[in-house]
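The next block holds one structure in the form of structure tokens; read it before the comments.
The values are calculated or read from the model by the stated rules, or taken from the named source; none is laboratory data. Remember, predicted model here, so these are calculated numbers, not experimental data. As a convention, Cβ positions derive from the backbone with ideal geometry for all residues, glycine included, and neighbour counts pool all protein chains shown.
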Amino acid sequence: MTSYTICVFTENTIGILNKITTIFTRRRINIESLTVSETERKGISRFTIVIRHESRDAVEKLVRQIRKIIEVLAVFGYLNEDIAYNEIALFKVSTPIGAKPLDIETINKTYKAWVVYWHLTYVIIQKTGTEEEIFEFFDYIKPHEILEFVRSGRVAVSKSPQTLVDYLPEAEWEYYQ
Amino acid sequence: MGFNENQTATIQGSEPVVSVAKPELINGSHAVIQSLIAEGVKTIFGYPGGAIMPVYDAIYDYQDQVNHILVRHEQGAAHAAEGFARITGEVGVCLVTSGPGATNLVTGIADAIIDSTPMVCIIGQVASHLLGTDAFQETDVMGITIPITKWNYQITNADEIPEIIAKAFYIAKSGRPGPVLIDITKDAQQKLMTKPFVHKKTEKLLSYHPRLSPKEEQLAAAAKLINQAKRPFLFVGHGVQIAGAEQELIKFIEKTDIPAASTLLGLSSMSVDHPNYMGWLGMHGNYGTNVLTNQCDLIIAVGMRFDDRVTGDLSRYAKQAKVVHIEIDPAEIDKIVKADAPVVGDAKIALEMLLPLVNENNHEAWKAEFKKYDLIEDEKITQPELAPTTEKIKMAEVIRTLSDKTKGEAVIVADVGQHQMMTARYYQFKKPSSFITSGGLGTMGYALPASFGAKVGAPDREVVAMIGDGCFQMTIQELGTIAQSGLPVKIIILNNNFLGMVRQWQQLFHQKRYSFVELQNPDFITIAKGFGINGHTCAKREDLHASLDTMLASDKPYLLEVLVEKEENVFPMVPTGACVADIRLE
């Protein structure tokens, strides 16, 4: 199974998410993570969708089907080496009185994670990184009892110098400044 | 007359003395109808109901400009719009209400997307403040139709109507055509627009750019393969008819002398009389065309998508051949069969541009190979079907006799099943745009409504619906539409008292366990008479010619029921999972 990151640029209208996901479900492809936000251009949304699949061919077909959605401006499928990517995770970790204290220095220096909220009996730690880095930290902090753990979807940009405008020179971009 | 942009006030019975050219604001419903008129719509297939009543109130004022055909079930509206679109190449229009009106349309929309048929469906929706409240006749039409529409959109503001309808028509018809659904809330239909009505046709969209002219390098690569090929084979798909590329196709074929075969929906794009026409492809296609698919060295696929009914077992499909795939939808390239030379573009433009790049050629010996298989098929299947020694009438005789009587120039609308395959086999199509059937979805009940849709689109052509007794009962109520509209379609029921194709499979693959395929049918002629439609039952071979003559001579709708052999099978056949070369003759 290879991890693929699919970036979908769309017009920001109601129901686009549904139009995109139906293409995955019909082909029985599970979405590992999904992040949506407006791009540097007003009215244009960017979907970052991570899937795992054994067949590059199937992923290419998927990308071409997504492109058929009328509101979709462009779709790009990437392997991990093609992109700079990151995720964010929050850990609520138990710190009861009398328990072994957290090693804040290691958390900060080794794991580049930060405590963002202190409570009497727990702390909330924020960790940014790749999926692997987040799970390394997960394993490290696990002995302290993780009360809650949440991980965002992946955000990714391509390492290529080309931008959306380069791919779609015919589009009337002044409308979306 | 309805509201107009520039209404002139007059004093009755005298010359106009006051002339006011003040632009009047119109409501959403009038905007819907005026937009449809601006898009050139002359016929709407529809059915009224609560949430679409404001539009129906408006349409009352435009009856001199728009012909509304009242169907008997919304599925009929969808198939009629498809029939109209398939024969004219124009967008078919449906108008229905929310909830059940919309869900009844769903089968037709699904049929239209898979058979690339341009259609705009305008649906009423509950008022916007009721959305999501489970209001009376509210259903999530947007959610339901996402996977089966080329585009769908919900309008909650009257001001959006002209722009969205213009966009809908552009999307439905351009590129690879398909159905578009516009869901309009009742308040958007009722409210006045806040600005004067202006309808401007959509010419391009930011995010949608169908490519019509292929890239030069793709054409060059395709031409190279075509010029090198020793045993090239061209497949005529539905895209040829959609693009109106029939003449370009013939020029291309005559220059290169490449033998050609048609897919089901490609039928009639090339006359059966053309010396390079070798027959049709697929599960019940011809013997030679299927076998030689696995012996050619190049496939040139024009506007087709390698449906599984064409390819049979993919792992043994044309592995020896290179593939040139001319196709307007880039998502079809490499979807099923890898293309060595993809050509993305409109079939007409692609063939036109390809013509100067290909060499004149002669493929006599290669074409003669098809003839060898034809002789075998003719002896084993075609002749026994056409000149049977058995007592009961065979479907093939009916279809071939009809074909001869109409000189192969009628519009034939076939439903789904054995009679459909028999029609494709035995009607001798000689004129383009003559065959309409539900290919991709295989929708039983398609033909009756599609036939009157086609008749609206081609009033000067003879339109004959070929329907099985099972299919007929799925949309039988549309006889009412035919009677009321007076559209003189001719209906032939090939009645074998069976769901014939399912019975055939049960015979061949389920040890003749006939599970729920035998029908106790009503008296179809009495039913037709009840609708005010004349009819006749033909039970004997001696009566066949006279029955067809009477039917064709009628200037009114007419129903001819032909009692055919009960347990007839369609051959040749490529069974599911078999390879095209292993096509069965018995």
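Miscellaneous remarks
- Taking the criterion of being closer than 18 Å to A:L90 by Cβ and in contact (Cβ under 8 Å) with a residue 60 or more places away in the chain, the residues of the range A:106-165 that qualify are A:F149, A:V150, A:R151, A:S152, A:G153, A:R154, A:V155.
- Looking across the range B:125-142, just one residue is within 14 Å of chain A (Cβ to nearest Cβ), without any contact (Cβ under 8 Å) to a residue 40 or more places away in the chain and farther than 15 Å from B:N104 by Cα, and that is B:G132.
- Residue identified as among the aliphatic types (A, V, I, L, M) and not in a helix (DSSP H, G or I) among B:V413, B:V398: B:V413
- Residues located in the range B:337-347, provided they are charged (D, E, K, R) and either more than 13 Å from chain A (Cβ to nearest Cβ) or buried (at least 20 other Cβ atoms within 10 Å of the Cβ) (or both): B:D340, B:D346
- Residue within the range A:156-176 that is surrounded by fewer than 12 Cβ atoms within 10 Å (Cβ to Cβ), modelled with pLDDT of 95 or more, under 30 Å from A:T10 (Cβ atoms) and in contact with a strand residue (DSSP E or B) (Cβ under 8 Å, 6 or more places away or on another chain) present: no
- Of the residues making up the range A:4-15, those that are touching a residue at least 24 places away in the same chain (Cβ under 8 Å) and either facing another protein chain (nearest Cβ under 10 Å) or within 12 Å of the chain's Cα centre (by Cα) (or both) number 8.
- Pick from the range B:273-300, criterion over 20 Å from the mean Cα position of the chain (by Cα) and among the hydrophobic types (A, V, I, L, M, F, W, C), ranking: surrounded by the most Cβ atoms within 10 Å (Cβ to Cβ): B:I300
- Search result, residues across the range A:1-21 that are farther than 14 Å from A:G77 by Cβ, part of a strand (DSSP E or B) and not polar (S, T, N, Q): A:E11
- Checklist (1) out of contact with any helix residue (DSSP H, G or I) (no Cβ under 8 Å at 6 or more places or on another chain); (2) surrounded by fewer than 21 Cβ atoms within 10 Å (Cβ to Cβ); (3) not hydrophobic (A, V, I, L, M, F, W, C) applied to B:S515, failing item: (1)
- Meeting the requirement of 1 or more residues that are within 14 Å of chain B (Cβ to nearest Cβ) and crowded, with 18+ Cβ neighbours inside 10 Å, the strands (runs of 3 or more DSSP E) wholly within the range A:22-126 are A:44-53, A:72-79.
- Which numbered condition B:A350 fails, given (1) farther than 15 Å from B:I253 by Cβ; (2) among the hydrophobic types (A, V, I, L, M, F, W, C); (3) more than 14 Å from chain A (Cβ to nearest Cβ): (1)
- Residues that are of a type outside the set (A, V, I, L, M, F, W, C), part of a strand (DSSP E or B) and either under 17 Å from B:T256 (Cβ atoms) or within 14 Å of chain A (Cβ to nearest Cβ) (or both), drawn from the range B:281-330: B:K322, B:H325, B:E327
- Options B:Q241, B:Q218, B:Q228: the member that is under 30 Å from B:V91 (Cβ atoms) and over 29 Å from the mean Cα position of the chain (by Cα): B:Q218
- Among residues of the range B:532-558 that are part of a loop (DSSP other than H, G, I, E, B), those with a Cβ under 8 angstrom from a residue that is exposed (fewer than 15 other Cβ atoms within 10 Å of the Cβ), sequence gap 6+ or separate chain, pair up as B:I533/B:K556; B:K556/B:G486; B:P557/B:G486.
- Inside the range B:50-71, residues that are part of a loop (DSSP other than H, G, I, E, B) and surrounded by 20 or more Cβ atoms within 10 Å (Cβ to Cβ) make up a count of 1.
- Scanning the range B:156-181 for residues that are surrounded by fewer than 23 Cβ atoms within 10 Å (Cβ to Cβ), away from chain A (no Cβ under 11 Å) and either farther than 17 Å from B:V91 by Cβ or β-branched (V, I, T) (or both) yields a total of 4.
- Only one entry in B:L560, B:L552, B:L548, B:L544 is over 26 Å from the mean Cα position of the chain (by Cα) and aliphatic (A, V, I, L, M), namely B:L544.
- If the condition is being hydrophobic (A, V, I, L, M, F, W, C), part of a helix (DSSP H, G or I) and surrounded by fewer than 20 Cβ atoms within 10 Å (Cβ to Cβ), then the range B:111-130 contributes B:I114, B:L130.
- Among the residues making up the range B:510-533, a single one is touching a Pro at 6+ places or on another chain (Cβ under 9 Å) and either under 16 Å from B:C471 (Cβ atoms) or at pLDDT below 95 (or both): B:A528.
- Of all residues in the range B:312-325, those being surrounded by 22 or more Cβ atoms within 10 Å (Cβ to Cβ) and farther than 27 Å from B:L355 by Cβ number 1.
- Residues (free of Cβ contacts under 8 Å to residues at least 40 places away in the same chain and within 14 Å of chain A (Cβ to nearest Cβ)) located in the range B:194-219: B:T202, B:E203, B:K204, B:L205, B:L206, B:S207, B:Y208, B:H209
- Condition broken by B:A260, with the remaining ones in (1) within 25 Å of B:P356 (Cβ to Cβ); (2) surrounded by fewer than 24 Cβ atoms within 10 Å (Cβ to Cβ); (3) hydrophobic (A, V, I, L, M, F, W, C); (4) free of Cβ contacts under 8 Å to residues at least 60 places away in the same chain satisfied: (2)
- Exclusive hit being without any contact (Cβ under 8 Å) to a residue 24 or more places away in the chain and either outside any loop (DSSP other than H, G, I, E, B) or away from chain A (no Cβ under 14 Å) (or both), set B:D374, B:D334, B:D378: B:D378
- Identity of the residue in the range B:170-203, closer than 19 Å to B:L130 by Cβ and of a type in the set (K, R), that ends up nearest to the chain's Cα centre (by Cα): B:K186
- For the range B:567-586, the candidate set comprises residues that are within 19 Å of B:R503 (Cβ to Cβ) and of a type in the set (D, E, K, R); within that set, the residue that is nearest to the chain's Cα centre (by Cα) is B:E568.
- Residues of the range B:193-224 satisfying the condition of being touching a Gly at 6+ places or on another chain (Cβ under 8 Å) and aliphatic (A, V, I, L, M): B:M193, B:L212
- The set of residues in the range B:197-209 that are of a type outside the set (D, E, K, R) and in contact with a helix residue (DSSP H, G or I) (Cβ under 9 Å, 6 or more places away or on another chain) comprises B:F197, B:V198, B:H199, B:T202, B:L205, B:L206, B:Y208.
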